[in-house]
1. Can you give me the number of residues within segment 27-60 that are assigned to a helix (DSSP H, G or I) and either at positive phi or among the small types (G, A, S) (or both)?
2. Residues being open to solvent by 100 Å² or more (accessible area, probe 1.4 Å), farther than 24 Å from H5 by Cα and hydrophobic (A, V, I, L, M, F, W, C): count how many of those fall in segment 56-71.
3. For segment 41-51, indicate whether the set of residues that are modelled with pLDDT under 85 and touching a Pro at 6+ places or on another chain (Cβ under 8 Å) is non-empty.
4. Just checking, which of V44, V53, V29 is loosely packed, with under 10 Cβ neighbours inside 10 Å, among the hydrophobic types (A, V, I, L, M, F, W, C) and within 18 Å of the chain's Cα centre (by Cα)?
5. Please enumerate the residues belonging to segment 1-15 that are outside any helix (DSSP H, G or I) and out of contact with any Phe, Trp or Tyr (no Cβ under 7 Å at 6 or more places or on another chain).
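The values are calculated or read from the model by the stated rules, or taken from the named source; none is laboratory data. In this text the structure is predicted, and so the values were computed from the model without any measurement. Cβ placement follows ideal geometry from the backbone for every residue including glycine, while neighbour counts extend to all protein chains displayed. The area values use the complete protein model at the heavy-atom level, side chains included, leaving out ligands, DNA and RNA. Shrake-Rupley method; radii C 1.70, N 1.55, O 1.52, S 1.80 Å.
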Amino acid sequence: FDPRHYLGTHCYGFPKTGPHRLRFLLESVKDLRETLKKKGSTLVVRKGKPEDVVCDLITQLGSVSAVAFHEEVREI
């Protein structure tokens, strides 16, 4: 979870992620974790800037050969 997604917008100060969307996200992540667990896998969830968290995870895991990601489309 990137903390920047929960701050006010730069245009009008409204939250980027309101309480209803946040609850939906948390429930979705919980459901995904439970589904993966049933299949013998897991889900790593972290809070922080992705550029820092991913780097820390790679260092922690040690044997990462590839990382895939996508960049969120930003408003003009």
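1. At the first step, the residues of segment 27-60 found to be assigned to a helix (DSSP H, G or I) are 27-38, 50-60.
Subset that is either at positive phi or among the small types (G, A, S) (or both): 28.
Residues flagged as assigned to a helix (DSSP H, G or I) and either at positive phi or among the small types (G, A, S) (or both) within segment 27-60 amount to 1.
2. 1
3. Taking every residue of segment 41-51 in turn, none turns out to be modelled with pLDDT under 85 and touching a Pro at 6+ places or on another chain (Cβ under 8 Å).
4. Numbers: V53 fails: loosely packed, with under 10 Cβ neighbours inside 10 Å; V29 fails: loosely packed, with under 10 Cβ neighbours inside 10 Å.
Criteria check complete, one pass: V44.
5. Looking only at segment 1-15, we keep the residues that are outside any helix (DSSP H, G or I), and these are 1-2, 7-15.
Passing the criteria: F1, D2, L7, T9, H10, C11, Y12, G13, F14.
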